Amino acid sequence: RCVSSGLLAGEPTVSMSDPHKKLARLLAHNTKAVRDKTVKNLTQWLAKSKDVKKMDLLKIWKGMFYCFWMSDKRPVQAELATHIARMVHAMLLPRATLYAETTLETLGREWGGIDHLRMDKFMMLTRKIVFELFAYLRNNDWDTEYVRAIIGVLANGVLKVDYKPYRGICLHTTEVFLDELE
């Protein structure tokens, strides 16, 4: 079946049954302009999409991970990390917690494979994500429902110390947690 995700104007129609895989491929594209345009449009897509499942977001986040992996130069990395982290503000609570969960799950799953040359930028991304999660709570007046949801994502995910694959990101998240809470 031929589909077009509609995320990029003028993009070729590609034979693919899963538009989320197509989106992930565009996010991990080797051309920076394609990646940038896809990331920009992703925020709007996430805010407007009616029924996004966890598996869909995990596929998208695989592409986001490689999009960030391929970002070069500190200013570009910082801008992309900020944009990725701020996407949570475009979503209401159920979607925002799912976004945070899949974000941190993907980072936790991939953390052990990040080489020492790229570790600093992924640590910066994690810090910005934690900061924006707290900003999301602040913007919603620290509503109990929101706080429970976001803390639940952290406690049952990257801060779950008995889950060995998350140990690296767990340690880094606990390191930045209080700094970003301030």
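Applying a threshold of 7 Å to beta carbon distances and a minimum spacing of six or more residues, or different chains, the list of pairs starting in region 143-158 at a residue that is within 14 Å of E101 (Cα to Cα) and ending at one that is in a loop (DSSP other than H, G, I, E, B) reads Y146/N140.
Restricting attention to region 123-144, which residues are exposed (fewer than 14 other Cβ atoms within 10 Å of the Cβ) and of a type in the set (K, R)? Matches in region 123-144: R138 only.
What do you reckon, is G113 surrounded by fewer than 17 Cβ atoms within 10 Å (Cβ to Cβ), modelled with pLDDT under 95 and on the phi < 0 side of the Ramachandran plot? Considered against the rule, which asks whether it is surrounded by fewer than 17 Cβ atoms within 10 Å (Cβ to Cβ), modelled with pLDDT under 95 and on the phi < 0 side of the Ramachandran plot, G113 comes out as yes.
Scanning region 49-60 for residues that are free of Cβ contacts under 8 Å to residues at least 24 places away in the same chain and open to solvent by less than 80 Å² (accessible area, probe 1.4 Å) returns a single hit, S49. Total residues in region 145-173 satisfying the condition of being open to solvent by 80 Å² or more (accessible area, probe 1.4 Å) and assigned to a helix (DSSP H, G or I): the figure is 6.
May I ask you to say which residue of R74, R1 is modelled with pLDDT of 90 or more and more than 16 Å from T106 (Cβ to Cβ)? I'd like the intermediate steps shown before the answer.
Values: R1 fails: modelled with pLDDT of 90 or more.
After ruling out the rest, the residue left standing is R74.
Per-residue answers, yes or no, for (1) surrounded by 12 or more Cβ atoms within 10 Å (Cβ to Cβ); (2) more than 16 Å from T102 (Cα to Cα):
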position	(1), (2)
V34	yes, yes
T38	yes, yes
A47	yes, no
K62	yes, no
C67	yes, no
S71	yes, yes
P75	no, yes
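The values are calculated or read from the model by the stated rules, or taken from the named source; none is laboratory data. Everything quoted here is computed from the prediction, not taken from an experiment. Here the Cβ is made from the backbone with ideal geometry for all residues, glycine too, and neighbour counts use every protein chain on show. For the accessible areas, the whole protein counts, side chains as well, though only heavy atoms, and no ligand, DNA or RNA atoms are used. Shrake-Rupley method; radii C 1.70, N 1.55, O 1.52, S 1.80 Å.
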